[in-house]
Amino acid sequence: MNLELMLPLILYLVLVLGIGFWASRHRAGGDFVQEYFIGNRSMGGLVLAMTLVATYTSASSFIGGPGAAYKIGLGWVLLAMIQLPTVWLTLGVLGKKFAIIARRVNAVTINDMLWARYQSKAVVVLGSVTIILAFIATMVVQFIGGARLLETATGLSYQQGLFLFASCVLLYTVIGGFRAVVMTDALQGIIMLIGTGALLAGILIAGDGLPNLIHQLREIDPKLVSPQGAGDMLTQPFMLSFWILVCVGVVGLPHSALRCFGYRDSKALHRGILIGTVVSALLMFGMHLAGALGRAILPGMDSPDKIMPSLMMEVLPPWLAGVFLAAPMAAIMSTIDSQLIQASATLVKDLYLNYLNPKQEKLEVHIPRLSLLCTLILGTLVLLAALQPPEMIIWLNLLAFGGLQAVFLWPLVLGLYWSRANGPGALASMVSGIVCYGVLSQWGIKLAGLHAIVPSLGLGLAAFVVVSLLTPPPDQGVRRLFEQQ
């Protein structure tokens, strides 16, 4: 075990645990559900920007994305920049209107908003089940990324790294709730930004500059420096699919959309859009360029997902590598904690309070204990599932992303901006979207070479519009609630 690497990392883990304990103090004497699941809607602009960027920037972005760039080349770096507008789209399309309506209906989860808009139990239950299943899959990806990071960089075994990483994340999330999640996200976003810059500088120095690195990539495979990438993988249908999957469709990701509930005021929203877009651009470019150029420095990696920690150990001094090892660790932790707290909220708030215990008997006794227990149980299940990892985690992550988008994108967006949208239309969109996505993904069917998400979203939109127009409109009370600014 490399102690020079481990010491800074252990200090970082202690720091995030300290934030979790600090955040738990805010629950004393307050509304547990509001504080634990939404942080009493108190985020400022910097925290909003950093938590949204950190939540979206996951193991797939910091481990899987650079791994794909390592394998495919500079074309993947260009493709990854499609993600640049994600913060602007999420906060611009959903932000202000989401926040206003969420306060009116006292919404704590995405399904609270769906219930307020569509008044349909089927919509809420389908949304809840989708969130839980998809979040379990994506959290497995994050746990695998964290364990591989520790395995590669510190000398721990995969299982040891997995248990160390999972224990820390579960502890501060269970203890601190949403406030701990967003505060650690802010810290983690700053660490990711600094760590990415340091790693990229180290790579350029170790490789004698960018021209020499590109020359070496061309020597390995000329396709590594072409827009189409190694094996001509980056075709036009693939790029269109990627644009839908990781840019436009991100508006439909519940854990990103939930950030629109928790900011303080309009000033915080506008500042969050500006800061978040700049930080996202720097992170996406730096991380993926580091992965692509890393092929010239470490050409014989057995697993592309190990390129980032391997590069850190190769081009940085051990103590500095230990400091910046926290950057990819932060990317992974910041996604897990967000999904974990929202999956717990879905179980407790959307299913237990609304259906299993609608009278909310002994609420003050049961809800805090049940919320903490659900968070812990979900995390433990994910930990067990992560014990058998796949070769490349990016594809599993993108599969779960697509499932969430197929279910939530149109009900969220059209529910805000189309007054004729109703419950039957939303349900038809969710069912047709997820069934289409599941069938196409399961059998590997690519219509016109497109990823399954493109026809799935197209079918979901058509089903939403047709069924909504063929069924009665929503009642006037719902329409007034969502049309007032």
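The values are calculated or read from the model by the stated rules, or taken from the named source; none is laboratory data. Remember, it's a predicted structure, so these values are computed and weren't measured experimentally. So basically every Cβ, Gly included, is an ideal-geometry build from the backbone, and we count neighbours across all protein chains shown. Heavy atoms of the whole protein, side chains included, go into the accessibility calculation; ligands, DNA and RNA do not. Shrake-Rupley method; radii C 1.70, N 1.55, O 1.52, S 1.80 Å.
Here are some notes:
- Flag if Ile144 is of a type in the set (A, V, I, L, M), in a helix (DSSP H, G or I) and open to solvent by 20 Å² or more (accessible area, probe 1.4 Å): no
- Meets criteria (part of a helix (DSSP H, G or I), under 22 Å from Ile190 (Cβ atoms), out of contact with any Phe, Trp or Tyr (no Cβ under 8 Å at 6 or more places or on another chain) and modelled with pLDDT of 70 or more) for Leu89: no
- Yes/no for Ser266 being more than 17 Å from the chain's Cα centre (by Cα), surrounded by fewer than 20 Cβ atoms within 10 Å (Cβ to Cβ), small (Gly, Ala, Ser) and more than 26 Å from Gly75 (Cβ to Cβ): yes
- Residues (open to solvent by 40 Å² or more (accessible area, probe 1.4 Å) and among the β-branched types (Val, Ile, Thr)) located in region 425-482: Val431, Ile434, Val435, Val439, Ile445, Val465, Val466, Val467
- Residue among Thr55, Thr51 that is modelled with pLDDT under 70 and in a helix (DSSP H, G or I): Thr55
- Pairing residues of region 412-431 that are closer than 15 Å to Asp112 by Cα with residues that are open to solvent by 50 Å² or more (accessible area, probe 1.4 Å) and in a loop (DSSP other than H, G, I, E, B), at Cβ distances under 8 Å and at least 6 apart in sequence or on separate chains, gives Gly423/Gln119.
- Residue in region 121-136 that is open to solvent by less than 10 Å² (accessible area, probe 1.4 Å) and closer than 18 Å to Val478 by Cα present: yes
- Hits in region 11-48 - residues which are open to solvent by less than 80 Å² (accessible area, probe 1.4 Å) and modelled with pLDDT of 75 or more: Tyr12, Leu13, Val16, Leu17, Gly18, Ile19, Gly45, Val47, Leu48
- Pair list, Cβ under 9 Å, 6 or more apart: region 200-216 residue under 19 Å from Met308 (Cα atoms), other residue open to solvent by 60 Å² or more (accessible area, probe 1.4 Å) and assigned to a loop (DSSP other than H, G, I, E, B): Gln216/Pro299
- Hey, Leu94 of a type in the set (A, V, I, L, M, F, W, C), open to solvent by 50 Å² or more (accessible area, probe 1.4 Å) and in a helix (DSSP H, G or I) or not: no
- The residue that is modelled with the lowest pLDDT, counting only those in region 260-314 that are of a type outside the set (Gly, Ala, Ser), in a loop (DSSP other than H, G, I, E, B) and touching a Phe, Trp or Tyr at 6+ places or on another chain (Cβ under 9 Å), is Met301.
- The condition of being in contact with a strand residue (DSSP E or B) (Cβ under 8 Å, 6 or more places away or on another chain) and farther than 24 Å from Gly146 by Cα holds for only one of Leu269, Leu234, that being Leu269.
- Test: residue in region 200-208 that is assigned to a helix (DSSP H, G or I), of a type in the set (Val, Ile, Thr) and surrounded by 19 or more Cβ atoms within 10 Å (Cβ to Cβ): yes
- For region 234-241, the condition holds for at least one residue, the condition being that it is within 30 Å of Lys97 (Cβ to Cβ), in contact with a His (Cβ under 9 Å, 6 or more places away or on another chain) and in contact (Cβ under 8 Å) with a residue 40 or more places away in the chain.
- Those residues of region 447-485 which are among the acidic types (Asp, Glu) and assigned to a helix (DSSP H, G or I), in sequence order: Glu483
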